[in-house]
Amino acid sequence: MPNYKTHLVGGAVSFVLVYKLAALCAPSHQISIIPAVGGLGLTLLGSIFPDIDIPSRMQTLFYQVMALVLLVTLLFQFWKLFLSACALSCIIFLLRHRTITHRPWFLLLFPLAILGYFLKISSVSLHLGLFLYSCFVIGALSHILLDFGIKKLFRRGF
């Protein structure tokens with residue numbers, strides 16, 4: 001089983017692939033430096049996200065971010081977002097290692113729901129939102145690929 005450093009390297013390689021693919025698919029939409037850095041960060045985050053279900057650096061980072069989210073949602077009285085963040089924080093305790101967070105279908109659908117919500121509340125373009133979504137997802141899928149390999153990935157099923 002690879003350690004978090006190996007997963008981060010896999011995430012970095014995955015980011016280069018997504019960035020190049022985005023440039024090929026939409027040459028008229030140049031990705032500036034700030035979205036590219038955000039994409040790199042999301043790819044690296046995605047590359048360690050599946051290990052959120054065990055005591056790890058990802059779990060520590062998750063709870064630090066959630067503490068900030070909870071504080072901000074309380075300050076601005078975003079009650080629905082606050083309750084959603086609380087529920088998500090509690091659900092993590094119920095997960096066993098390599099269950100739902102290591103399923104490709106979950107890694108495709110979970111961030112898609114977040115993308116839909118984010119596009120609804122912000123003025124981010126669909127193109128940029130899809131780029132950032134792709135960065136996270138390809139990073140998370142690289143984690144699974146490193147954990148299980150290609151043959152085991154397809155045997156586990158989507």
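Please treat every number below as a calculation from the coordinates, not as lab data. Keep in mind that what you see is a predicted model, and the values were worked out from it rather than measured. A quick note on method: Cβ atoms are made from the backbone with ideal geometry, for glycine too, and the neighbour counts reach across all protein chains shown.
Karplus couplings for region 48-64 from phi (6.51 cos²θ - 1.76 cosθ + 1.60, θ = phi - 60°), rounded to Hz, Gly and Pro as x?
The phi angles translate into 10, 4, x, 8, 5, 8, 10, x, 8, 4, 5, 5, 4, 4, 4, 6, 5 Hz.
Compute and list, largest first, the equivalent-ellipsoid semi-axes of region 42-122 from the alpha carbon gyration tensor, each √(5λ) rounded to a whole angstrom.
Listed largest to smallest, the semi-axes of region 42-122 are 22, 16, 12 Å.
Could you check the spin-label model distance between Phe93 and Phe78? Points 7 Å from the Cα along Cα→Cβ, value in nm.
2.4 nm
Mark the label point 7 Å from the Cα of Ser122 along Cα→Cβ and return the residues of region 2-43 whose backbone N is within less than 18 Å of it.
Backbone N within reach: 19, 30-43.
Once fully extended, how much extra length lies between Gln59 and Val9, figured as 0.36 nm per residue of separation less the alpha-carbon to alpha-carbon distance?
Working it through step by step, the gained length comes to 16.1 nm.
Mean projection of the alpha-carbon convex hull of the chain over all orientations, in nm²?
On the way: hull surface 39.2 nm².
With the hull built on Cα positions only, its mean projection is 9.8 nm².
Please state the relative contact order of region 5-158 as a whole percent: Cα pairs under 8 Å, 6+ residues apart?
Relative CO of region 5-158 lands at 40 percent.
Roughly speaking, what is the centre-to-centre gap between region 35-69 and region 102-140 when only Cα atoms are used, to the nearest Å?
14 Å
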